[in-house]
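What follows is a single structure, written as structure tokens, with notes after it.
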Amino acid sequence: MHTSIRGLIAATLLAGTAIVATPAFADDAPAAPASPFTITGSAAIVSQYRFRGLAQSDNKPVAQASFTLAHSSGFYISTWGSSASAGSEDVFFGGEFGDDEHIGSPINIGGTEIDVYGGWTHAIGKSGVTFDGGLYGYIYPGATAGNYYEIYGSLTKTFGPATAKVGVNFAPAQHVFNFNFTSPHRSNTYIYGELGAGIPNTPISLHSHLGHTGGGFDYGKQYLDWVVGATVKWKALAFDVSWVGTNLSHRDIDNGFDCAAAGGTGEGEDAFVSSASAESVCTKYFYRMAKDVAVFSVTASF
């Protein structure tokens, strides 16, 4: 009898100890601290690469990708890459005059562009305005003379479903401007504004951009570029269609690329039939990189 009672008491104590000990193990296991770093990226297929309104891929499709490492303090570093045009440095040489199949791209940036940039972003007090600024480098492995950098800054504010942004990119005097003989400037300022909004209860968002280029990257004159488009999101994919263009006219292209002086006096394939016909082809060929076009893209984000 006493043995049974002692056994029952011992069993009860053991059970109680087990019950008490079980949550103790859980409480002793500390939760893994959240990492202050986040990594994001994207990959895209685009019908053509336009930068500030101008074709950078000879109006042909490109593949693009990006990668960003950000810290909770607001500091970040990113890289972005795209295939690009790698045409002849002189649009008229290399084939029968006026034969587009044998003429290189109006813009030759070596076939690849790799951008590396880093900066800091943070909310400004309780204003609802977010500041973002840093240093941006444009690298062209196949055309290194075109490498350059910019200092950038922007302010962004959300108004309900809409987001507005204004910003400026400034390229100080550097080697790249030595090659733009149509502009006396040895620095460049790009100012822009953006407005976008999501359509409530839909996966559709609208976006717009208006920019102004002034300085060493002029094409005959200071010019405007614009983008108006719509994006549809589905899971990790974004499908976008945008209308992209500039206010550069045929006359601006004539002046910017000195098409009137295109007529040569050489012989053979490099000779031009006449200055007038050379000007006509020059204007047509260079203008296609600045005219309005629809750009389509599919982007996967992770």
For segment 208-227, enumerate the residues that are surrounded by 15 or more Cβ atoms within 10 Å (Cβ to Cβ) and part of a strand (DSSP E or B).
-> 208, 209, 211, 212, 213, 214, 215, 223, 224, 225, 226, 227
Applying the selection to segment 132-186, what residues are more than 24 Å from residue 107 (Cβ to Cβ) and among the aromatic types (Phe, Trp, Tyr)?
-> 159
Are any residues in segment 28-48 in contact (Cβ under 8 Å) with a residue 40 or more places away in the chain and part of a loop (DSSP other than H, G, I, E, B), and if so, which ones?
-> 47, 48
Among 142, 160, which is the only one that is out of contact with any Ser or Thr (no Cβ under 8 Å at 6 or more places or on another chain), of a type outside the set (Lys, Arg) and in the same structural domain as residue 231 (by TED's automatic domain parsing)?
-> 160
Output the residues belonging to segment 174-194 that are at pLDDT 95 or above and either assigned to a helix (DSSP H, G or I) or crowded, with 16+ Cβ neighbours inside 10 Å (or both).
-> 188, 189, 190, 192, 194
Would you be able to say whether some residue in segment 83-101 is assigned by TED's automatic domain parsing to the domain that holds residue 292 and at pLDDT 90 or above?
-> yes
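The values are calculated or read from the model by the stated rules, or taken from the named source; none is laboratory data. Remember, predicted model here, so these are calculated numbers, not experimental data. Cβ atoms come from the backbone with ideal geometry, glycine included; neighbour counts cover every protein chain shown.
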